[in-house]
Amino acid sequence: MKFVSRRGVGEDLERARELILAKGGEVGRELHLLADVESTNDEAKRAAKSGAPHGSVWVTEVQTKGRGRLGRAWVSPPRENLLFSVLLRLRCPPARLPPLALVAGLAVRDAVARAAKKAEPKLKWPNDVLVGGRKLAGVLVEATLSGQRVEAVVVGIGINVHTREFPEDLQDRATSVALVSDLPPDRGVLLADVLEGLDRDMALAAERGLGLVHARLTAADALVGTRVRAEGVVGIARGIDLEGRLVLERDDGVRVRVVSGEVTPTVS
Ligand code: BT5
């Protein structure tokens with residue numbers, strides 16, 4: 001980044017404070033801007049245990065142990081991208097958790113669509129934001145349970161903003177806002193936009209389910225109509241249902257609903 005404050009945080013991120021407060025939501029009212037951490041999800045989970053309030057956000061310039069699902073790594077060069085976690089004190093049954101990654105993905109998708117007018121960002125079930133079939137952002141939802149109820153939800157989000165060159169294993173699969181936009185992206189604006197979307201939709205989705213966002217999810221669905229394999233089932237993706245499950249139509253016409261897992265394109 002061109003401008004870095006004394007604390008090692010880019011001035012674009014410093015400016016995010018005002019943008020977030022101007023929007024008037026609860027998410028981001030407590031904003032922790034950090035130079036480097038192992039993982040912002042761990043920061044948020046630790047703080048959740050010490051009583052941090054709903055809507056607290058941790059953003060970092062450098063992540064030394066950034067992770068995706070199933071212990072996979074999330075990679076990001078220092079000071080180029082958005083790496084942050086949001087603590088949401090939502091009380092809901094655990095079954096409402098998997099769809100929350102989709103709702104968070106929708107907030108990212110919408111913010112990217114505003115930042116890159118000509119790009120057509122899509123949501124790839126269960127947690128990716130893609131542009132032109134390449135991954136631009138990922139969401140990692142982790143939760144603390146108390147008995148059979150969710151106590152706190154940590155939504156970790158990584159968005160490739162300025163990165164133009166990726167490591168070899170990602171170079172054909174990853175993209176960034178800078179690569180798909182005509183204008184130079186602003187991390188502060190993007191962050192404030194994503195937090196606004198989370199503020200609007202996450203608590204409602206936890207309380208009432210996906211009904212209110214379902215039309216937007218369907219419009220953003222990257223997989224619909226394509227042939228994929230998910231959890232051993234091969235079929236044509238027919239959308240996301242109201243419980244957030246991926247609906248696959250097998251060759252025998254039977255529709256199967258997949259709750260979680262990996263999706264890969266397939267021709268077989
Ligand atoms: C995800 O996992 O996509 C969730 C990523 C969440 C990262 C954020 S950053 C802030 C917060 N703190 C954390 O520690 N994590 C969260 P998954 O669906 O498992 O995808 C991981 C896979 O995406 C990797 O195995 C790579 O193949 C690929 N990948 C890694 N870094 C990438 C990048 N920058 N851009 C595109 N793809 C990437």
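The values are calculated or read from the model by the stated rules, or taken from the named source; none is laboratory data. Here the structure is a predicted model, which means the values were calculated and not measured. Positions of Cβ are backbone-derived with ideal geometry, glycine not excepted, and every protein chain shown enters the neighbour counts. Side chains are part of the model used for accessible areas, which takes the heavy atoms of the whole protein and leaves out ligands, DNA and RNA. Shrake-Rupley method; radii C 1.70, N 1.55, O 1.52, S 1.80 Å.
Could you run through the range 21-35 and say how many residues are buried (at least 22 other Cβ atoms within 10 Å of the Cβ) and more than 16 Å from the ligand (Cβ to nearest atom)?
So the first thing to find is which residues in the range 21-35 are buried (at least 22 other Cβ atoms within 10 Å of the Cβ), and the list is 27-28.
With the extra rule that they be more than 16 Å from the ligand (Cβ to nearest atom), the set shrinks to none.
Here the count works out to 0.
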So, in the range 221-259, exactly how many residues are out of contact with any strand residue (DSSP E or B) (no Cβ under 9 Å at 6 or more places or on another chain) and surrounded by 13 or more Cβ atoms within 10 Å (Cβ to Cβ)?
1
Selection from the range 151-189 of residues under 17 Å from Gly133 (Cβ atoms), of a type in the set (A, V, I, L, M, F, W, C) and in contact with a His (Cβ under 8 Å, 6 or more places away or on another chain) yields Val177
Being open to solvent by less than 60 Å² (accessible area, probe 1.4 Å), in contact (Cβ under 8 Å) with a residue 12 or more places away in the chain and out of contact with any strand residue (DSSP E or B) (no Cβ under 8 Å at 6 or more places or on another chain) is the filter here, so list the residues in the range 113-147 that pass it.
Ala115
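Can you go through Glu43, Glu80, Glu38, Glu61 and tell me which one is among the charged types (D, E, K, R), within 14 Å of the ligand (Cβ to nearest atom) and open to solvent by less than 20 Å² (accessible area, probe 1.4 Å)? Reasoning before the result, please.
Working: Glu43 fails: open to solvent by less than 20 Å² (accessible area, probe 1.4 Å); Glu80 fails: open to solvent by less than 20 Å² (accessible area, probe 1.4 Å); Glu38 fails: open to solvent by less than 20 Å² (accessible area, probe 1.4 Å).
On inspection, the qualifying residue turns out to be Glu61.
Going residue by residue through the range 197-205, is there one that turns out to be over 16 Å from the mean Cα position of the chain (by Cα) and either under 23 Å from Asp110 (Cβ atoms) or open to solvent by less than 70 Å² (accessible area, probe 1.4 Å) (or both)?
The answer is yes, given that some residue of the range 197-205 is over 16 Å from the mean Cα position of the chain (by Cα) and either under 23 Å from Asp110 (Cβ atoms) or open to solvent by less than 70 Å² (accessible area, probe 1.4 Å) (or both).
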List pairs: first residue in the range 148-167 and farther than 18 Å from Ser39 by Cβ, second residue open to solvent by 10 Å² or more (accessible area, probe 1.4 Å) and basic (Lys, Arg) anywhere in the structure, Cβ distance under 7 angstrom, at least six positions apart or on different chains.
Arg149/Arg91; Val150/Arg91
Residues that are modelled with pLDDT under 95: find the strands (runs of 3 or more DSSP E) completely inside the range 1-97 holding 2 or more of those.
none
